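Chemist: There's a structure below that I have some questions on.
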Amino acid sequence: MELLTRLLGGAERVKIMRFFLHHEDIVVSLHDVAEKTKSRSAIARKELTALSSIGFIEKKRTRTVTTSGTGKKATSKVKEVIGFKLNIDFPHNQALKDLLFDFQLLDKRELANRFKIIGRVKLFIVSGVFIGSEKSRVDVLIVGEAIKRPKAEKLFEALSAELGRDVVYSIMDMEEYEYRYKMYDRFVRDIVDQPHEAVIDKLSQKLNS
């Protein structure tokens, strides 16, 4: 990830480029780009201006809904704004997709370290987009103790914004995972028996002994 951010002008630009490449048919407002990529509006505006100037995206008029007030007094208004859309004729789109969506380049250890704050992680498996497998049931499986699920969900929201696509994940506590593993649960077995990478593994020896 660090190499890509240096090559392409920073982490925010990489996130925004991934977003447009993954949602090539939609027109989005500045507000929506900032929200979907978890970027500050000022930074998103700067990056959109830069990407528009080189022809990667193009400006289009779109409609957005704004809501004011709360409860029964809430009112909604549709207004027309300047939006942005991927320029499908930009000559380097495919090359950029090949580069920006090759998530096998990501540092898996650094990725796992992000989630250590959610609890005592005993198993952290990456699969799916992180190893280039389209048949995987999940992209990430986390098993642990005292897992703070709301905190984990926020981290996955941030990760999805970073990658420009939704990350499919599953979180289990130790008891659930051990039971499902020993019962040859189809979902769990599909993950551990198919190609994957166990970045943190403090369970396999115990379960297989």
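Chemist: Select from region 64-119 the residues that are of a type in the set (A, V, I, L, M, F, W, C), within 27 Å of GLU47 (Cα to Cα) and at pLDDT 90 or above and list them in ascending order. Let's see the steps before the verdict.
Modeler: Of region 64-119, the ones of a type in the set (A, V, I, L, M, F, W, C) are 65, 74, 78, 81-82, 84, 86, 88, 90, 95-96, 99-101, 103, 105-106, 111-112, 115, 117-118.
Applying the additional criterion that residues be within 27 Å of GLU47 (Cα to Cα) yields 65, 78, 81-82, 84, 86, 88, 90, 95-96, 99-101, 103, 105-106, 111.
Of everything in region 64-119, those that are of a type in the set (A, V, I, L, M, F, W, C), within 27 Å of GLU47 (Cα to Cα) and at pLDDT 90 or above turn out to be PHE84, LEU86, ILE88, PHE90, ALA95, LEU96, LEU111.
Chemist: Filter region 100-124 for residues that are assigned to a helix (DSSP H, G or I) and of a type in the set (Phe, Trp, Tyr) and give the result.
Modeler: Listed by number, the residues that qualify are PHE103, PHE115.
Chemist: OK, next. Please count how many residues of region 49-63 are modelled with pLDDT under 90 and surrounded by 11 or more Cβ atoms within 10 Å (Cβ to Cβ).
Modeler: Counting residues in region 49-63 that are modelled with pLDDT under 90 and surrounded by 11 or more Cβ atoms within 10 Å (Cβ to Cβ) gives 3.
Chemist: While we're here: Take SER136 and tell me if it is of a type in the set (Ser, Thr, Tyr), touching a Ser or Thr at 6+ places or on another chain (Cβ under 8 Å) and within 30 Å of HIS23 (Cα to Cα). Steps first, answer last, please.
Modeler: Numbers: of a type in the set (Ser, Thr, Tyr): yes; touching a Ser or Thr at 6+ places or on another chain (Cβ under 8 Å): yes; within 30 Å of HIS23 (Cα to Cα): yes.
Spelling it out, SER136 is indeed of a type in the set (Ser, Thr, Tyr), touching a Ser or Thr at 6+ places or on another chain (Cβ under 8 Å) and within 30 Å of HIS23 (Cα to Cα).
Chemist: So if I check each of GLY164, GLY128, GLY132, which one is within 16 Å of the chain's Cα centre (by Cα), on the phi > 0 side of the Ramachandran plot, surrounded by fewer than 14 Cβ atoms within 10 Å (Cβ to Cβ) and of a type outside the set (Asp, Glu)?
Modeler: Numbers: GLY164 fails: surrounded by fewer than 14 Cβ atoms within 10 Å (Cβ to Cβ); GLY128 fails: surrounded by fewer than 14 Cβ atoms within 10 Å (Cβ to Cβ).
Result: GLY132 is the single residue among GLY164, GLY128, GLY132 that is within 16 Å of the chain's Cα centre (by Cα), on the phi > 0 side of the Ramachandran plot, surrounded by fewer than 14 Cβ atoms within 10 Å (Cβ to Cβ) and of a type outside the set (Asp, Glu).
Chemist: Starting from residues that are of a type in the set (D, E, K, R) and in a helix (DSSP H, G or I), keep the ones in region 72-99 and report whichever is surrounded by the most Cβ atoms within 10 Å (Cβ to Cβ).
Modeler: Taking region 72-99 as the starting set, the residues that turn out to be of a type in the set (D, E, K, R) are 72-73, 77, 79-80, 85, 89, 97-98.
Going one step further and asking which of them are in a helix (DSSP H, G or I), we end up with 72-73, 97-98.
Working: LYS72: 5, LYS73: 7, LYS97: 15, ASP98: 9.
Only one residue tops the list, namely LYS97.
Matching residues to (1) in contact (Cβ under 8 Å) with a residue 24 or more places away in the chain; (2) under 18 Å from ARG165 (Cβ atoms):
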| site | (1), (2) |
| --- | --- |
| LYS72 | no, no |
| THR75 | no, no |
| ILE82 | yes, no |
| LEU86 | yes, yes |
| LEU96 | yes, yes |
| LEU99 | yes, yes |
| LEU105 | yes, yes |
| LYS108 | yes, yes |
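The values are calculated or read from the model by the stated rules, or taken from the named source; none is laboratory data. Keep in mind the model is a prediction, meaning the values are calculated, not measured. Every residue, glycine as well, gets a Cβ built from its backbone with ideal geometry; the counts of neighbours run over all protein chains shown.
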